[in-house]
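Reading through the structure tokens given below for one structure.
The values are calculated or read from the model by the stated rules, or taken from the named source; none is laboratory data. Values in this document were obtained by computation on a predicted structure and should not be read as measured data. Because the Cβ atoms are built from the backbone with ideal geometry, glycine has one as well, and the counts that use them run over all protein chains shown.
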Amino acid sequence: MRVPPSAMDATDLLNPRLLIVTGKGGVGKSTCAAAVALAGARSGRRTCLVEVEGRQTMSRLFHTQPWDFTEREFRPSLFGMSIDPEASLAEYLDLFYGAGRLSKLVVGSTAVEFATTAAPGIKDVLLIGKVKEMERRRDPDGRLSYDLIVVDAPPTGRIVNFLRAPEATTELLNVGPIRAQAQTLIEMVSDPARTHLQLVTLLEELPVQETVEGVGALREFGVTVGPLLVNRVLPERFDEPARKALTDDLDPSDMQAILDRDGLELSVESAVALRNLGMAHLGRLDLQGRMREQLTAELDLPTIELPFLYSERFTDREIDKLADLVEEALSGRAGSAR
């Protein structure tokens, strides 16, 4: 049984061992997954950040060598890897059939392509299967290898099919080790003590609508949805007098006089352009407010808001800033946690 949403707050973000991060394309899903993983590592959890789509987003964000099937530590207590189905199949064959080098030769042919054609969900089963192996693995001293695994998963449009792949495989296969393996994946994904789905969204109409629909589909599927990450939130830059000054229908020359009085000497044209920028910002703030209200009304989930970071180029420095804010929310100190 999934954890009731009302029983959660933002500080529950890192409670499960497996966080599967998803969101509409373009909302900053991978960036937020990276920030959450970094916050987890800073908290003392031995953490692994996992890619499953082979896009090398994380290696670019953190300025590391390209990631592959080998788990490598690139920050203190933070490891990274990229899971691909070919390597996962080779490992599976070696583990269950002792195929060794032969497994790599088989996989090097068209085995994965053939398997994917015969059973479309097999590729995702292989990817999730590797995550499960990492989640259950123990070191020689008996300790779990990882306290936290953060998966940068497919977007919300594909996430249910991705998670449903093991179930579809059990329906296709009546017996055998692959069916047994798929059943253990279903148990992992549906266990609220082990796995939460982490959705990333923006305070914009399409992302909010897709988030609401995605949460509904995930809950219907039977998985636990954790606190929402609301990304790129614009700051409230205007107090009430400033808002009134922007919204009053002032003559451009009057606007110029007000700015001159405050020590900002601008031409009439520049004053009008500045006012237009301010009005556009107010419009975005009003939209944010409406979307925040919609999320609150339609989803009984705590949220963590992360600000829009103004940067010419997004680097690991910005990831560090976002991780700082995630840590604040986890401590219950931040006003961004709702």
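Here are a few things to note about the model shown:
- For GLY40, the conditions (1) surrounded by 23 or more Cβ atoms within 10 Å (Cβ to Cβ); (2) farther than 16 Å from PHE79 by Cβ; (3) in contact with a Ser or Thr (Cβ under 8 Å, 6 or more places away or on another chain) all hold with the exception of (2).
- Subset of segment 20-35 that is over 8 Å from the mean Cα position of the chain (by Cα) and surrounded by fewer than 24 Cβ atoms within 10 Å (Cβ to Cβ) - its residue that is farthest from PHE314 (Cα to Cα): LYS24
- Candidate set: segment 209-245, residues that are under 16 Å from VAL27 (Cβ atoms) and of a type in the set (D, E, K, R); chosen: the one surrounded by the fewest Cβ atoms within 10 Å (Cβ to Cβ): GLU213
- The one condition in (1) part of a loop (DSSP other than H, G, I, E, B); (2) surrounded by 22 or more Cβ atoms within 10 Å (Cβ to Cβ) that GLY142 fails to fulfil: (2)
- Flag if VAL50 is in contact with a helix residue (DSSP H, G or I) (Cβ under 8 Å, 6 or more places away or on another chain), modelled with pLDDT of 85 or more, surrounded by 16 or more Cβ atoms within 10 Å (Cβ to Cβ) and under 19 Å from ARG158 (Cα atoms): yes
- You will find that of GLU293, GLU305, the residue that is modelled with pLDDT of 95 or more, among the charged types (D, E, K, R) and not in a helix (DSSP H, G or I) is GLU305 and no other.
- Look at (1) within 30 Å of GLN65 (Cα to Cα); (2) of a type outside the set (D, E, K, R); (3) free of Cβ contacts under 8 Å to residues at least 24 places away in the same chain; (4) assigned to a helix (DSSP H, G or I) and you find that SER311 fails only one, number (4).
- Lone unmet requirement of (1) in a helix (DSSP H, G or I); (2) under 27 Å from GLY214 (Cα atoms); (3) not basic (Lys, Arg) for LEU274: (2)
- Considering segment 243-282, the residues that are small (Gly, Ala, Ser) and within 30 Å of LEU203 (Cα to Cα) include one that is modelled with the highest pLDDT, namely ALA280.
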